[in-house]
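To keep things clear, I will list the structure first and then write my remarks on it.
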Amino acid sequence: EAAVTQSPRNKVAVTGGKVTLSCNQTNNHNNMYWYRQDTGHGLRLIHYSYGAGSTEKGDIPDGYKASRPSQENFSLILELATPSQTSVYFCASGDRGGQDTQYFGPGTRLLVL
Amino acid sequence: QQQVRQSPQSLTVWEGGTTVLTCSYEDSTFNYFPWYQQFPGEGPALLISILSVSDKKEDGRFTTFFNKREKKLSLHIIDSQPGDSATYFCAASGTGGYKVVFGSGTRLLVSP
């Protein structure tokens, strides 16, 4: 069965600190995505990747970096975390671009103090 | 910016009733419209989807309707059950793109 896992599941960070959120997928999908979910905004795309070594900016990339070192792994990096980045972050994978089913991980709840 | 508008923000229906969620969009290039269901503490999961060449798709108690002229879509849940209580997102994407635009979500509560 398709599987997307995220770590950590919960994270408390301090303002100005560095935060790395990790995502692993065993679907062998080419495409991976990072979203944040906030009440009233739904899911907003931060970064995405269409293969190892590639990263692309989504709709709200400011303050975030992404890294795709392998087919399976996709990381989201907050170099200087701010309270406005407090949110729930979801990773997803898919195989055929926008018209494919996206398989989501369980989410990471991030609190920046 | 591409937008998908979803309503209502929250909804309560009685068990056995019919739930109707609606979405509208602006970008005429959108041609694929999935609905995702999300339970608390979990990631969203695909519930049902429709391509713009169709106007209706059914899957058990769930039916999605698409109106290309009005740029609207809806999700109908008949015989709603407490287990259907979740947040529902409509979404849209176009041919050849990697991005999916999500609506803001509808929190559904089905009361026994």
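The values are calculated or read from the model by the stated rules, or taken from the named source; none is laboratory data. What you see is a predicted model, and the numbers here were worked out from it, not measured in a lab. Heads up, the Cβs are rebuilt from the backbone with ideal geometry, glycines too, and the neighbour counts pull from every protein chain shown.
Kindly indicate which of A:Asp62, A:Asp100 is modelled with pLDDT of 95 or more and over 12 Å from the mean Cα position of the chain (by Cα).
Numbers: A:Asp100 fails: modelled with pLDDT of 95 or more.
On inspection, the qualifying residue turns out to be A:Asp62.
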task: Kindly provide the set of residues from segment B:64-101 that are surrounded by fewer than 23 Cβ atoms within 10 Å (Cβ to Cβ), aromatic (Phe, Trp, Tyr) and facing chain A (nearest Cβ under 8 Å), ordered by number.
output: B:Tyr98
- request: Return the total of residues in segment B:20-77 being without any contact (Cβ under 8 Å) to a residue 24 or more places away in the chain and touching a Ser or Thr at 6+ places or on another chain (Cβ under 7 Å).
  value: 6
- line: If we ask which residues in segment B:21-46 are loosely packed, with under 15 Cβ neighbours inside 10 Å and in a strand (DSSP E or B), their number turns out to be 1
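Given the criteria surrounded by fewer than 16 Cβ atoms within 10 Å (Cβ to Cβ), more than 14 Å from chain B (Cβ to nearest Cβ), modelled with pLDDT of 95 or more and farther than 20 Å from B:Cys90 by Cβ, does A:Thr86 qualify? Don't jump to the end; show me each part of the working.
Working: surrounded by fewer than 16 Cβ atoms within 10 Å (Cβ to Cβ): no; more than 14 Å from chain B (Cβ to nearest Cβ): yes; modelled with pLDDT of 95 or more: yes; farther than 20 Å from B:Cys90 by Cβ: yes.
For A:Thr86, the condition - surrounded by fewer than 16 Cβ atoms within 10 Å (Cβ to Cβ), more than 14 Å from chain B (Cβ to nearest Cβ), modelled with pLDDT of 95 or more and farther than 20 Å from B:Cys90 by Cβ - is not met.
Here are A:Thr39, A:Thr15, A:Thr5: which of them is of a type in the set (Val, Ile, Thr), in contact (Cβ under 8 Å) with a residue 40 or more places away in the chain and within 13 Å of chain B (Cβ to nearest Cβ)? First the steps, then the outcome.
On the way: A:Thr39 fails: in contact (Cβ under 8 Å) with a residue 40 or more places away in the chain; A:Thr15 fails: within 13 Å of chain B (Cβ to nearest Cβ).
On inspection, the qualifying residue turns out to be A:Thr5.
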field: Scan of segment A:74-83 for residues that are of a type outside the set (A, V, I, L, M) and crowded, with 16+ Cβ neighbours inside 10 Å, ordered by number
entry: A:Phe74, A:Ser75
query: surrounded by fewer than 21 Cβ atoms within 10 Å (Cβ to Cβ), out of contact with any Lys or Arg (no Cβ under 7 Å at 6 or more places or on another chain), at pLDDT below 95 and over 25 Å from B:Gly103 (Cα atoms) - does that describe any residue in segment A:43-57?
result: yes
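Restricting to segment B:69-91, name every residue that is among the hydroxyl-bearing types (Ser, Thr, Tyr) and in a loop (DSSP other than H, G, I, E, B).
Of the residues in segment B:69-91, the ones among the hydroxyl-bearing types (Ser, Thr, Tyr) are B:74, B:80, B:85, B:87-88.
Across segment B:69-91, the qualifying residues are B:Ser80, B:Ser85.
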query: Looking at A:Gly94, is it within 14 Å of chain B (Cβ to nearest Cβ) and surrounded by fewer than 19 Cβ atoms within 10 Å (Cβ to Cβ)?
result: no
